[in-house]
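Worksheet: one structure, shown below.
The values are calculated or read from the model by the stated rules, or taken from the named source; none is laboratory data. Just so we're clear, the structure is a prediction, and the values are computed from it rather than from any experiment. Virtual Cβ from ideal backbone geometry, glycine too; neighbours counted across all protein chains shown.
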Amino acid sequence: MTNENTFRLDVISPVAIQYEGDVVSMVAEGTEGSMGILRDHAPLLTGLKKGILKIREPGDKMIYLELEGGIMEVRNNNVVVLTETYEKKLEIICPT
């Protein structure tokens with residue numbers, strides 16, 4: 001269930017959906033530089049370069065995925081990342 005501060009994120013590779021859920025924020029390595037995404041971000045279609053996708057879930061849980069590049073679309077509080085390969089690097093729950 002999406003709350004007022006989250007948006008939907010799907011990370012998809014050719015074999016499966018690798019991540020799906022409601023997130024508070026994310027940072028991606030775009031071809032033109034690093035970019036942060038929050039709820040109500042303007043529509044965007046961009047290429048991604050190799051780097052770490054940083055995902056903040058509700059409750060301050062952080063997920064780090066290493067991507068080999070790809071494409072990201074942001075539209076109507078839905079973000080889709082298409083990537084050829086990925087690797088889950090780390091999962092951290094930050095103390096409040």
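Step by step: first the residues of segment 36-64, then only those that are surrounded by 12 or more Cβ atoms within 10 Å (Cβ to Cβ), of a type in the set (A, V, I, L, M, F, W, C) and closer than 22 Å to GLU4 by Cβ, then the one that is farthest from the chain's Cα centre (by Cα). Which residue is that?
That would be LEU44.
State which residue is modelled with the lowest pLDDT when the search covers only segment 63-96 and only residues that are acidic (Asp, Glu) and part of a strand (DSSP E or B).
It comes out as GLU91.
Residues of segment 74-89 being loosely packed, with under 14 Cβ neighbours inside 10 Å and touching a strand residue (DSSP E or B) at 6+ places or on another chain (Cβ under 7 Å), which ones?
If the condition is that a residue be loosely packed, with under 14 Cβ neighbours inside 10 Å and touching a strand residue (DSSP E or B) at 6+ places or on another chain (Cβ under 7 Å), then ASN78, GLU84, GLU87, LYS88, LYS89 are the ones that fit.
Considering only residues of segment 9-52 that are assigned to a strand (DSSP E or B) and of a type in the set (S, T, N, Q), which is nearest to GLU66 (Cα to Cα)?
So, considering only residues that are assigned to a strand (DSSP E or B) and of a type in the set (S, T, N, Q), the one nearest to GLU66 (Cα to Cα) is GLN18.
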